[in-house]
Structures are given as C-alpha cells and as structure tokens.
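Participant: Below is the structure I would like to discuss, written out as structure tokens.
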Amino acid sequence: MKVEREELLHIAKLANLKINEEEIDDYLLNLQDILNFANIVNDAPVEGLKETVGSDDRYNVFRKDEVKEFEDEESLLQNAPEKENHMFKIPKVL
Amino acid sequence: MNITELTVHELKEKLDKKELTITEITKAYVDRINEKEKDVQSFVTTLTDEAIEKSKKIEEKLKNNENLGKYAGIPIGIKDNMCTKGIKTTCSSRMLENFISPYDGTVVNRVINEENMIDLGKLNMDEFAMGSSTETSYFKKTKNPWDLRKVPGGSSGGSAAAVAANMVPWALGSDTGGSIRQPASLCGVVGLKPTYGLVSRYGLVAFASSLDQIGPITKDVRDAAMLLSIIAGHDEKDTTSANIPKKDYTKALKNDVNGLKIGVPKEFFGEGINEEVKESINKAIEKYKELGAIVEETSLDVAEYALATYYIIACAEASSNLGRFDGIRYGYRTKNFTDLQEIYENSRSEGFGAEVKRRIILGTYVLSSGYYDAYYKKAQQVRTLVKNEFAKNLSKYDVLLTPTSPTTAFKLGEKSNNPLEMYLADICTVSVNIAGLPGLSIPCGVDKSGMPIGMQLIGKAFDEETILNAGYTFEQAYKFREKYKPDFKGGNN
Amino acid sequence: MPREDYETVIGLEVHAELSTKTKIFCSCPTDFGGEPNTHCCPVCMAMPGALPVLNEKVVEYAVKAGLATNCTISRDSKNDRKNYFYPDLPKSYQISQYDKPLCEKGYVEIETEEGKKKIGITRIHIEEDAGKLNHDDYGRGSLVDLNRAGVPLIEIVSEPDMRSAQDADKYLKKLKSILEYIEVSDCKMQEGSLRADVNVSIRKKGQKEFGTRTEMKNMNSFKSITRAIEYEIGRQIEVVENGGKIYQETLRWDEVSGKTFPMRNKEDSQDYRYFPEPDLVPIRLSEEYIENIRKNLPELPENRKQRYLEEYHLTEKGANILTASKYLSDFFEEAIKICNNPKAVCNWLMSDVARILNEKEMEPDEIPFKPEELAELIELIEKGTISSKIAKDVLDKMFENPEKPSKIIKDNGWVQISDEGAIKAIVQKIIDANPQSVQDFKSGKEKALGFLVGQAMKETKGKANPQMLNKMFKDALK
C-alpha cells in the first residue's frame, strides 16, 4: 500500500499534529518503510485465530460503588498552563 | 571497601552487621553521582540533597526501632516515566518538562513510602519510552559507562547506565518491547521484565498499555529477585494486575540447573545477529550443559511477525494514550495560538519529539478507518499466534534462551536517522512482550572491544522463579562482575 | 407534493446518567453541582499513569435496563476506546463500547392511536460522560470543569421505528418511566441526566430505502424534541420538494428561533479509531448473574398499570397517567395505604394535583407534600370535616406552604359547620333576608333554592355542610 501525501496530512490532523511542508517527505518515507515492514503480519498464518487484546485471560475485574475522594484536590490543578475560578482555561469554544 | 560497587544484598548484609550505616551508603552514592554523572548523563532529576536528608531521618527512626521495611534506607533510581508526587515526572519529554504528578504510582509508593528506600533521582529514558538508545530524550543523551561514545540502549538507558556506573545500587525500569532487557544487556547489568500483570502499572505513564511492565535493573540476579519481591503483587487500581499471592523470589535461587530443560530457538541466531554475540551465547549454552542442564535446539518462527505486530499494537495504543497531552490540564502549552485548534496542534507538535510523533502517526494510521482490519486486527491475531508458539515451546522446555540484543552497544547517532534499523534492535525482545511472558537479561560476556553481551532467559507466565534460578546459577558459575568492569573509556571526545 | 405523501423515519439515541454513587472508572462522587473540579481525581482528570477500574454497579444497572427493555444480554462484552479531541474529554478518548455492547435486540411498547406499537432497541452500552465547558467572566475564553467527566451513562440506541414526533415523544416518555421504575437513573432532563440524539429522515410513502438522515444532538426536553422533529420534517420536505438534497450532518436545535442549524463542517468527517480498551479486562456475565438481576427486577410500568386496573378498578386513563410516572405511582400507593380509597386518590392526583403541577410547571417529584397528607385530606372529606370545595383550597395551601391538612383547616377556621342548631340559625337568617327568593321557591321555582343555599355558604365562607343546608331549607320552606 502506498501512502499518499493527503492521507498523511489527514492522519496528522486526526492526531492533532502539524507536519511542516519540509517534513512531509521524511514522514512519508518513514511511514512507508515501517508499513512495508509491518505488512509481514498479513503473511502470518493466523487463519481462524482469535484476537488477543491483553496478554492474559482475566475478566470481570470490578470495583465496589463506594465513594473515596482524592485527598489532594489542589494538586490536580497545579500543572495547569492557565486556570480561572478553579477551572482550566482555554480559548473560547463555541 | 568501595561501597558503590556492592550489590544491594551485600549492602544489606553489612547494614545488618552494622559494618555500614545508611547515611554512609547514601553519602557514597551521592559522591559517586557527583563524580560520574557529568560523563554518563543518566539522570533527568537528581535528588542528592533530599537523599542525604532522608537517610538521616531514616537512621534516626531505625535507632528508635521503628519498622520501616526490609530495605529502608537503601538508595534507588527511578525511571522518569513513573509518577512521583511532588517530584517532576518528565518522560524525558519537553511535553512534561515541568510536570509534577499529583500522586505516587503504586510501585513508587511501595518502594519509597512503604519500604522507605531513598530516591536518588529520576532517570533518563527515550522520550515516552519510545526508542532503543535513550537518544530520543529531550534533555540529554545518556552514555554507556563501558564506552562513553556509545549508547546505553533504551528506553531505560538512564536506569541501566546508572546501575552500571554504580551511581545507584539498583533501579526501576519499564519494558514495552525490550526497554529493560536491551539496555541491561548493553550496559552489562541484570534486567528483568516480569510477566504482564505481575507488577502494577498504576502510575506508569502509559506507552502501550497491553505491553508495558515495570521491572528491576540490578547488578546481579539476587538483587533482581529481591526488588521483584517488593514491587510484584496485586493492585486493585490496575485491573490487568494479576491476583496472585506475593512471593519471596530469592527462595528460588538454588544455584542448581541440573535437569533443567533449556530450548534454544534457532531463529534467534539468524541473519542480523552479530557473530560475537552468537559466539558468546553459544559459550553460555556450553556452560549450562556443564552445569547439568539439558539444552536443545528448537524452533520459534515468530520473531519477525512479532516485531511487526509490536510496532502496530504499541503505536496504536500510544497514539491513543498520548492523546491526553493536549496542553489543557498539564504539560507543555504552545505560546503560539489564537484558538483551541492551535493549542492542540502547536502544543503537541512542539512538545513531542520526532520519534514520538512518528509513532503517533503510525498508530493513528493503523487504527484509522480502512486500515484497521489490515493492520491492527491482524496484529491482534498474530499476537495469539505468538502466544501459541511460545506456549508450545514452553510446554517442552522450562526456559528458552536467546540473545537479548542482536548487537552490542552501538555508537551515539549511528542509528538515530534510521527508525526501522533502530526498531530491529528489539527483534529478540519484543516477542516476549507480545506473549506477555517474563524475560531476564544477564551478562554473558564481552565483545572484542570490551562491550558487554547479554543473554535472555524466557520463562512461563508467572514463573519468574525458574528464569531467576537459571540466571543466578549461570551468574555464580561465570562470575561476569569479577571479570569485567566498565572503564568509562572514550570520554572527553 | 404535500406533506401527507412523505413518511418520517425517526431513531433515537438516548443517554441516561446512571444513579450510581461513584463514577464509572474511579471512586469520585457523581453528585450534581459542587464547586468546579472538586469531584475529581487523577483517573477522571486523565493524569499521566492513571488507570480506570470499572464500577460493578454500572454493569448491573445496564443489565437491568436491558432486561426491562426486553434485550438479550451479552455473555461476552468489552470496553473500547473512542478517540477524538475535545476539551471536555480529558483523555482524548471516551471509554465506551463498540462491537460488543452489554445489551442488544430489545424493544419497548408504546400506545399510539392505531394501537400498541413496538419500538426496537438496537443496543444498550455503557460509557463515560464528558466534562462541562463554562464561559469565563469576560466572554473571552472557556473554562473546563471535569466534575461530570466519568459519570456513568448508558446509551440506548433505538431502531428507526418511529414515524412521527408523537411516536418519538411516547417512546422517550416510556423509556424514561422504565428507567425510573428500575431505579437506574433519576432521568432529570433539566439536569441533563436524560438526553437524546434525534435522527430524522423522510422518504416518499411506499419507498423502501431510508432517506438521508440528519442528527440533532443533546436534546433534553420533550417539548423541544417534538418541536425540533416537526421543524426538521418540514425543512427536509421543503428541501426535497425544491429539488435539493439532504446531507448527512449534525444539527443544532435553536430553541429561540425554532430552527435547526448545521453544527460542524460536512467534510470534517469523524474517524473515531475505535479499538479495545487495553486498560480494562473483558466482561463475561454468567447465566446466574443475569437471572439474579431478572428475578429482582422491580415491577415495570406495564405490569403496574395492569394491577391498578384489576385490583383498584381504576379507569384506563387514570392507570395510564399514574403509572407513567414512577414517582406519582409510588405516591398513589403510599396514599392508599392510609385512606384506602384508590379511586379518590387517583382522581385527586389526575385532576387537581395535575392541574396545579401544570400551572406551576412542576414535575410530579416536586410535589411539596407527602402522600400521607393527601390521604389525610381525602379522609377529612370523607368524614365530613370539610367540603370538597374547601378541600381544593386546602390543596392550594399545601402546595404553597406544606403543612398537615388538619392544621391548615384549623389555622384558617375552615372546619365544616355540621351543627344542626347553628345551621338552623343561618337558614333562618337567610330566609329573613331574602323574601323574594322564598316567594319564588314557594311558587315552584326550584332554582331559588340554589340561590338561598349559595347565600348561606357565602355567609359561612363555605363552611356549612351543603347537604344539611339543602335539607333544612327544604324543611323550613315546606
């Protein structure tokens, strides 16, 4: 599969990354390289095999519905680039 | 006596016999950091003053017979992707340059708050653990103590180099595709990636959630067993953490491999594996035979599939895991914005380095509509295949033995322009993560230029004991640490 | 082509907040309100390294909802990540369910003019709510509050089985009442704990394929949903009639102008890149687990209505109105435990109470007095302590300043006069004061009696026992 320029830009937009004009070719080349390599998975004999998500066979791990408040609330906002009225501030969103 | 050359079990023995005090130990390490850090560059944050302060307090408490934990006062280094309350956790990224976690991760909590070890600092790594040389760190390039012109491996390069350089007695690393074992191998130290689920991931900044594991990087196998005994164990904050009883892994160290069945998968000795590495591993195999183990060649033809699968799955998960770095609640925010979209795009583009962006792009691509089935879904099936192949082999053998890294440490900058070549550095290790198994890397020789070579012992899920014993028995017989020491050559160039 | 030639096709995606104590993936409280960012922790704020742990009640509640809507419960289910950037979504992905929802293939029944109709339910899945964006004091920026982030939701996706705004209204009301009955959601629409995305399309009658649909997001009042659907049907027909094309897009309903507007760029199609959530393990529900929930499922509105018809002989209409609201229905049951007059309680709730609620634009759960107090009021009428007319005044007072009816009556001096001597005196007084009416009555004008009784009531401020008055006037004027 050949990755087209527009496709790369579309993917970058989905990932909220900006790719400068002069970086495009590099990214295309790298992506193409790695995808060509990754294509090996399509040769693997996986007919009929289920998909494994995690590495073990655990299921139904739940938590009780009991309130436990986080003890250091203020520290949750200490890294905010900009805040106001105990909220995270961002440019106006319509 | 050179304190910083001692293993933790040796330090512990001397502490118990009152031949050493906690403050003496801490002071020795602080001095060592002050001496060697300028050459090795393994720390992102050093906590030397705090460490001395804490060592005094702990000594005081111990005098009052307070119960502080078995390893109270033993220094440790922590890879900088583990959240530490009140101390910067940067993931070696500009994105988190000033980030202070509001909480301690589970493993950090066990080691620092419960066990009362002394944190000497946060260790350098590839940015967000993405890399095999620690060169993608935003802050600095860590050097290999065996040759300062070479990389320490990665991504836990800071941890491995700091242990090798005796700047910390032991360290915590994390391993997604080889990030503990490969740098341990390149730096001539011991590194263990536990079975997926044995150690809690809560507080480990996620790279690839289904593959990440925290593990010890130590001077010898006994230390690895000791540190694993502390950090392993169920955590209700991580639903993927296994609910099995805690163990003392040092009890497994029998110094006996008589009758142990070791399989050597021939595919791990093919093209791309350095001849000197092969030779060294073959010698180790001979040693095992001498020690009474039954060693046989076997077939495990999944390495390439596993590597491709690894890059698909790890990048897919990373592309999602790193979405939270959006410049809103924490982390780097661009100065260059007028609207929200620009905050997103510019903060992420300026805050992440090239390798991280490459992997986010790849991960986004393989999950995007139209490609999901061809890549991600296929990769998840290959994962089953890899698991099955390992299971087949591990039903015949107690341990599988392979090289840890196809080569010894390479020169700084040698591979950093070729991502795919860099990815091949993980060829021997990633399949273990894909299968979720435990893998131990121990030194088994050096090449002609004196660079360490490591071998990897792979065990059954949750059977860390067998590989630890196998590694320990070899270590006792081979005595790598008595034969070889890093000499910090190639400095001031 | 006139409107009658088109058929409307409507499907609803309903989001209901579950009434668990804690959030879906962390132990923070779900309480509504609270200072911004105070019901938060590293997990729901998406701090690096934090991990989700699924709340067991969320699974239980979703299964309950599935069983109450005739769904098949999946034995094998999982969570997935839905990836998109938005400031109210701190992880930049929402943990939801993609291809293995907890419940599938159910239905609810609604009553239409053509009789009962089944509305299919495609699926019910669990997911987390997002935070809230507020405006700053100067209107230059937005402020992110994550108190709601991670509050558990179920999303109930219907089949496109509704054919009118009325169908949609009935379906949503039915769904709301079911969720209230099984006590998994408080369904407070004004707080946004029940909201719907409405999909509308039109097609010519007889046409098999669906038309292109538009979606109106986050609607949270029955009135606006009906209005918006009506508007959207009209708009789509107009577009098609004028040779235009309907685009699949997301619309915003503007309550003030009564119109819909496109929300985002058409080309900006979303690609959510769903994949299985690796931080959570799969969900496998056993037969016993599901049966146990089924066994303990509370009475559903349909069954309760049937019971009211059979046990209390209420009218169909009365039973419908009462059971449509769990609150009202529970209120009814509490009241009849005391006064044992189901018909009277039903009548009061359907007529006077309903009228006042309507006037005050209140929901049944905002009735300020207790069922016991309504029961007492009814008993007071039965005992003859007050007239039904006075009772209405008492009810008004109960809404204004909730107190026991007996106290209201006492405080206002509204006790009915039933003393024979007192009534006799009043009757005599009125007869003396109204000779003309007395004359009229005697010459056969029955109506005059009504006037006289009325005067007596006026004199006693409505407190005289009307039956006694009637009888005594008749006796006196014989």
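The values are calculated or read from the model by the stated rules, or taken from the named source; none is laboratory data. Fair warning: this is a prediction, and the values are worked out from it, not measured in the lab. When we count neighbours, we look across all protein chains shown, and the Cβ atoms used for this are built from the backbone with ideal geometry, even at glycine. Heads up: the accessible areas ignore ligands, DNA and RNA and are worked out on the full protein's heavy atoms, side chains in. Shrake-Rupley method; radii C 1.70, N 1.55, O 1.52, S 1.80 Å.
Participant: Which residues, taken from the range B:97-148, are among the β-branched types (Val, Ile, Thr) and either farther than 26 Å from residue B:240 by Cα or part of a loop (DSSP other than H, G, I, E, B) (or both)?
Facilitator: Residues of the range B:97-148 among the β-branched types (Val, Ile, Thr): B:100, B:106-108, B:111-112, B:118, B:134, B:136, B:142.
Answer for the range B:97-148, where residues must be among the β-branched types (Val, Ile, Thr) and either farther than 26 Å from residue B:240 by Cα or part of a loop (DSSP other than H, G, I, E, B) (or both): B:118, B:134, B:136, B:142.
Participant: Let me ask you something else. So, of the residues in the range C:106-143 that are touching a Gly at 6+ places or on another chain (Cβ under 6 Å) and open to solvent by less than 50 Å² (accessible area, probe 1.4 Å), which turns out to be nearest to the other protein chains (Cβ to nearest Cβ)? Full working, then the answer.
Facilitator: Start the filter on the range C:106-143 by keeping residues that are touching a Gly at 6+ places or on another chain (Cβ under 6 Å), which leaves C:107, C:121, C:124, C:128.
The next check asks that each one be open to solvent by less than 50 Å² (accessible area, probe 1.4 Å); those that pass are C:121, C:124, C:128.
Details: C:121: 25, C:124: 18, C:128: 14 Å.
Residue satisfying both the conditions and the ranking: C:128.
Participant: Same structure, new question: With respect to residue A:41, determine if the residue is facing chain B (nearest Cβ under 8 Å), assigned to a helix (DSSP H, G or I) and either open to solvent by 30 Å² or more (accessible area, probe 1.4 Å) or at pLDDT below 90 (or both).
Facilitator: On the way: facing chain B (nearest Cβ under 8 Å): yes; assigned to a helix (DSSP H, G or I): yes; either open to solvent by 30 Å² or more (accessible area, probe 1.4 Å) or at pLDDT below 90 (or both): yes.
In short, yes.
Participant: For the range B:424-431, state whether one or more residues are over 19 Å from residue B:288 (Cβ atoms) and facing chain A (nearest Cβ under 10 Å).
Facilitator: Within the range B:424-431, one or more residues are over 19 Å from residue B:288 (Cβ atoms) and facing chain A (nearest Cβ under 10 Å).
Participant: Here is a further query. Give the number of residues within the range B:455-493 that are surrounded by fewer than 19 Cβ atoms within 10 Å (Cβ to Cβ) and part of a loop (DSSP other than H, G, I, E, B).
Facilitator: Counting residues in the range B:455-493 that are surrounded by fewer than 19 Cβ atoms within 10 Å (Cβ to Cβ) and part of a loop (DSSP other than H, G, I, E, B) gives 11.
Participant: Also, I was wondering about something else. Within the range C:26-35, can one find any residue that is in contact with a Ser or Thr (Cβ under 7 Å, 6 or more places away or on another chain) and without any contact (Cβ under 8 Å) to a residue 12 or more places away in the chain?
Facilitator: Yes, the range C:26-35 has at least one match.
Conditions (1) under 21 Å from residue C:65 (Cβ atoms); (2) surrounded by fewer than 17 Cβ atoms within 10 Å (Cβ to Cβ), marked per residue:
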{"residue": "C:161", "(1), (2)": "yes, no"}
{"residue": "C:183", "(1), (2)": "yes, yes"}
{"residue": "C:202", "(1), (2)": "no, no"}
{"residue": "C:209", "(1), (2)": "no, yes"}
{"residue": "C:225", "(1), (2)": "yes, no"}
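Participant: Still on this model: Out of the range B:185-200, which residues are more than 14 Å from every other protein chain (Cβ to nearest Cβ) and either in a loop (DSSP other than H, G, I, E, B) or free of Cβ contacts under 8 Å to residues at least 12 places away in the same chain (or both)?
Facilitator: B:188, B:189
Participant: Yes or no: residue B:203 closer than 25 Å to residue B:311 by Cα, open to solvent by less than 10 Å² (accessible area, probe 1.4 Å) and either among the β-branched types (Val, Ile, Thr) or within 14 Å of chain C (Cβ to nearest Cβ) (or both)?
Facilitator: Criteria met by residue B:203.
Participant: Hey, another quick one. Check residue C:3 against each of (1) facing chain A (nearest Cβ under 8 Å); (2) farther than 30 Å from residue B:342 by Cβ and name the one condition it does not meet.
Facilitator: Residue C:3 satisfies all of (1) facing chain A (nearest Cβ under 8 Å); (2) farther than 30 Å from residue B:342 by Cβ except (1).
Participant: Considering only the range B:5-37, how many residues are open to solvent by 10 Å² or more (accessible area, probe 1.4 Å) and either farther than 15 Å from residue B:118 by Cβ or among the hydroxyl-bearing types (Ser, Thr, Tyr) (or both)?
Facilitator: Matching residues across the range B:5-37 total 16.
Participant: Something else: Please count how many residues of the range C:40-66 are assigned to a loop (DSSP other than H, G, I, E, B), more than 8 Å from every other protein chain (Cβ to nearest Cβ) and touching a helix residue (DSSP H, G or I) at 6+ places or on another chain (Cβ under 9 Å).
Facilitator: Qualifying residue count for the region: 0.
Participant: Sticking with this one: Given the criteria aromatic (Phe, Trp, Tyr) and within 23 Å of residue B:221 (Cβ to Cβ), does residue B:410 qualify?
Facilitator: Against the criterion (aromatic (Phe, Trp, Tyr) and within 23 Å of residue B:221 (Cβ to Cβ)), residue B:410 does not qualify.
Participant: Looking at the range A:73-92, which of its residues are more than 7 Å from chain B (Cβ to nearest Cβ), part of a loop (DSSP other than H, G, I, E, B) and either at pLDDT below 95 or open to solvent by 50 Å² or more (accessible area, probe 1.4 Å) (or both)?
Facilitator: A:82, A:85, A:86, A:92
Participant: Taking the range C:315-362 as the region of interest, how many residues are among the basic types (Lys, Arg) and in contact (Cβ under 8 Å) with a residue 60 or more places away in the chain?
Facilitator: Of the residues in that region, 1 qualify.
Participant: A further question follows. When you look at residue C:30, is it within 17 Å of residue C:132 (Cα to Cα), of a type in the set (Val, Ile, Thr) and over 25 Å from the mean Cα position of the chain (by Cα), yes or no?
Facilitator: no
Participant: Do you know which of the residues in the range B:89-124 that are more than 14 Å from every other protein chain (Cβ to nearest Cβ) and surrounded by 24 or more Cβ atoms within 10 Å (Cβ to Cβ) is nearest to residue C:41 (Cα to Cα)? Lay out the reasoning, then the answer.
Facilitator: In the first step, residues of the range B:89-124 are kept if they are more than 14 Å from every other protein chain (Cβ to nearest Cβ); the result is B:110-112, B:114-121, B:123-124.
Add one more test, that the residue is surrounded by 24 or more Cβ atoms within 10 Å (Cβ to Cβ), and what stays is B:111, B:117-118, B:120-121, B:123-124.
Working: B:111: 22, B:117: 27, B:118: 27, B:120: 28, B:121: 26, B:123: 26, B:124: 28 Å.
Among those that are more than 14 Å from every other protein chain (Cβ to nearest Cβ) and surrounded by 24 or more Cβ atoms within 10 Å (Cβ to Cβ), it is B:111.
Participant: Next up: Could you go through the range B:200-219 and let me know if any residue there is modelled with pLDDT of 95 or more, on the phi > 0 side of the Ramachandran plot and not β-branched (Val, Ile, Thr).
Facilitator: Just the residues of the range B:200-219 that are modelled with pLDDT of 95 or more, to begin with: B:200-219.
Of the ones still in play, those that are also on the phi > 0 side of the Ramachandran plot are B:203.
Imposing the further condition that a residue be not β-branched (Val, Ile, Thr) reduces the set to B:203.
Scanning the range B:200-219, I find at least one residue that is modelled with pLDDT of 95 or more, on the phi > 0 side of the Ramachandran plot and not β-branched (Val, Ile, Thr), so the answer is yes.
Listed here are the residues, each with its yes/no results for (1) in contact (Cβ under 8 Å) with a residue 24 or more places away in the chain; (2) touching a Pro at 6+ places or on another chain (Cβ under 6 Å); (3) among the small types (Gly, Ala, Ser); (4) surrounded by 19 or more Cβ atoms within 10 Å (Cβ to Cβ).
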{"position": "C:154", "(1), (2), (3), (4)": "yes, no, no, yes"}
{"position": "C:169", "(1), (2), (3), (4)": "yes, no, no, no"}
{"position": "C:172", "(1), (2), (3), (4)": "yes, no, no, yes"}
{"position": "C:178", "(1), (2), (3), (4)": "yes, no, no, yes"}
{"position": "C:192", "(1), (2), (3), (4)": "yes, no, yes, no"}
{"position": "C:199", "(1), (2), (3), (4)": "yes, no, no, yes"}
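Participant: Take the range B:213-241 and flag every residue that is open to solvent by less than 10 Å² (accessible area, probe 1.4 Å), within 14 Å of chain C (Cβ to nearest Cβ) and touching a residue at least 60 places away in the same chain (Cβ under 8 Å).
Facilitator: If the condition is that a residue be open to solvent by less than 10 Å² (accessible area, probe 1.4 Å), within 14 Å of chain C (Cβ to nearest Cβ) and touching a residue at least 60 places away in the same chain (Cβ under 8 Å), then B:213, B:214, B:238 are the ones that fit.
Participant: Separate question: For a quick check of your reading of the model, give me the residue pairs whose first member lies in the range A:14-31 and is more than 9 Å from chain B (Cβ to nearest Cβ), whose second is part of a helix (DSSP H, G or I), with beta-carbon atoms closer than 7 Å and at least 6 apart or on different chains.
Facilitator: A:24/A:5; A:24/A:8; A:28/A:5; A:28/A:8
Participant: Scanning for something farther than 30 Å from residue C:189 by Cα, open to solvent by 60 Å² or more (accessible area, probe 1.4 Å), modelled with pLDDT under 85 and of a type outside the set (Lys, Arg), does the range C:346-365 turn up at least one residue?
Facilitator: no
Participant: Something else: Restricting to the range C:9-30, name every residue that is of a type outside the set (Ser, Thr, Tyr) and more than 9 Å from chain A (Cβ to nearest Cβ). Give the steps one after another, and end with the answer.
Facilitator: First pass over the range C:9-30, keeping only residues of a type outside the set (Ser, Thr, Tyr): C:9-18, C:21, C:23-26, C:28-29.
Selection gives C:9, C:10, C:11, C:12, C:13, C:14, C:15, C:16, C:17, C:18, C:23, C:24.
Participant: Exactly one of (1) assigned to a helix (DSSP H, G or I); (2) open to solvent by 10 Å² or more (accessible area, probe 1.4 Å); (3) among the polar types (S, T, N, Q) is unmet by residue B:182. Its number?
Facilitator: (2)
Participant: Next up: With respect to residue C:407, is the statement that it is assigned to a helix (DSSP H, G or I), assigned by TED's automatic domain parsing to the domain that holds residue C:345 and in contact (Cβ under 8 Å) with a residue 60 or more places away in the chain true?
Facilitator: Numbers: assigned to a helix (DSSP H, G or I): yes; assigned by TED's automatic domain parsing to the domain that holds residue C:345: yes; in contact (Cβ under 8 Å) with a residue 60 or more places away in the chain: no.
Here the answer is no, as residue C:407 does not meet what is asked.
Participant: Would you call residue B:165 open to solvent by less than 10 Å² (accessible area, probe 1.4 Å), small (Gly, Ala, Ser), touching a helix residue (DSSP H, G or I) at 6+ places or on another chain (Cβ under 8 Å) and farther than 23 Å from residue B:209 by Cβ? Give the steps one after another, and end with the answer.
Facilitator: On the way: open to solvent by less than 10 Å² (accessible area, probe 1.4 Å): yes; small (Gly, Ala, Ser): yes; touching a helix residue (DSSP H, G or I) at 6+ places or on another chain (Cβ under 8 Å): yes; farther than 23 Å from residue B:209 by Cβ: yes.
Answer is yes for this residue.
Participant: Kindly evaluate residue A:66 against the criterion of being facing chain B (nearest Cβ under 9 Å), under 30 Å from residue C:52 (Cβ atoms) and either polar (S, T, N, Q) or open to solvent by 60 Å² or more (accessible area, probe 1.4 Å) (or both).
Facilitator: no
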